[in-house]
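In what follows, a single structure is set out as structure tokens and then discussed.
All of the numbers you see were taken from the coordinates with simple rules; none came from a lab. Please read these numbers as outputs of a predicted model, since none were measured by experiment. Reconstructed Cβ throughout: ideal geometry from the backbone, glycine too, with neighbour counts over all protein chains shown.
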Amino acid sequence: MTRIRIIFRIILALICGGWIFAACAGSPPEQKIVTVSIEPQKYLLEQITGDKVQVRCLLSDGANPETYDPAMTHMLNLQKSLGYLRMGNIGFEAALLDKIKEANPGLPIYNTSEGVTPVKGTHGHDGVAHEITDPHTWSSVKNAKIIIRNMLNAMVRLDPSNEAYYHHNHDRFAARLDSLDSVLTARLAPMRGKAFMIWHPSLSYFARDYGLEQIVIGGDGHKEMSAANLRDVIDHAHDSGARVFFYQKDFDGRQASVLSDIIDAQEVTVNPLSYNWEEEIEATANALVEQ
């Protein structure tokens, strides 16, 4: 029995020693944080970063980027971040950039749309286009390849210890994007030269990729056109044979229902700010092919 007691005491001492060591070691370090602007950007970045960092988003889920004012918690997240990867040309980013730099003078900031050939003149007032860069660069698979390369370069600078991991994930995702682009190119080839209608011009880069015409029914900032301009645009849509009308349910629902009796087209909801970026791109293509 004495021998058994000795063995029991040894085991008990080892267990207690393990508890003491764990207590001394403390809790695991907090996960590294990187902040982005919008949910599609978060999706793209997470394909590269995997579980190495936590990707946080400035734009709240369901918020309108044209009227967005970030909560204090979102601004505080930036203080904990390794860096801020902005989309590039979204209005609220430009409005916040000076404030972000002032509050976080040492924070690295990267433009993930750098190198994308811009589409200009899609945003205007009352049917009059202005030379403003279309901000929806992520609505294109071809652009997404440029965006993820910029993301890779940023992450290698921000977290060089995981460079090989990031390169591996990037290359795998880039190959997936090439495959997706090839599929969409083949599927949309019969649609080349044809038009679709949209309330807010969020598919300019998608249209450019596949040789489509985007006819904007709404005005800038989701505002309504004048009756005369609206009539001209609808006539052009009819003449072009446009059979699909895309609109954002949360922002354009009332206007779309008013137009439904005027335009002879299939109504399709889109969400350019959806986290499920690949699903959204494929759903857009499906709506056009099935018209």
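Once you list every other residue whose beta carbon is under 10 Å from the beta carbon of L188, what net charge do they have if Lys and Arg are +1 and Asp and Glu are -1? Don't skip to the answer; put the middle values down first.
Values: positive: R187, R192, K194; negative: D209.
Taking every Cβ under 10 Å from that of L188, the sum is +2.
Using the Cβ atoms and a cut-off under 14 Å, what net charge is assigned to the surroundings of A174, where Lys and Arg are +1 and Asp and Glu are -1?
That works out to +1.
What is the list of residues in region 189-217 whose amide nitrogen lies under 11 Å from a point 7 angstrom out from the Cα of I262, following Cα to Cβ?
Inside the label zone: 217.
Set the Förster distance to 45 Å, then compute FRET efficiency between V183 and R231 from the Cβ-Cβ distance, nearest 0.05.
On the way: r = 38 Å, r/R0 = 0.84.
Efficiency computed from Cβ-Cβ geometry: 0.75.
Net charge near P40, counting Lys/Arg +1 and Asp/Glu -1 over other residues with Cβ under 10 Å of its Cβ?
Every neighbour counted, the sum reads -2.
Would you work out if region 130-245 is rounded, prolate or oblate? Take a ≥ b ≥ c from the square roots of the eigenvalues of the alpha-carbon gyration tensor; rounded if a/c is under 1.5, else prolate when a/b is larger than b/c, oblate otherwise.
Because a/c hits 1.5 or more and a/b fails to exceed b/c, region 130-245 counts as oblate.
Using a ≥ b ≥ c from the Cα gyration tensor of region 87-198 (square roots of the eigenvalues), is it rounded, prolate or oblate, where a/c under 1.5 gives rounded and otherwise the larger of a/b and b/c decides, a/b for prolate? Walk me through the numbers before you get to the answer.
Numbers: a/c = 3.96, a/b = 1.14, b/c = 3.46.
Because a/c hits 1.5 or more and a/b fails to exceed b/c, region 87-198 counts as oblate.
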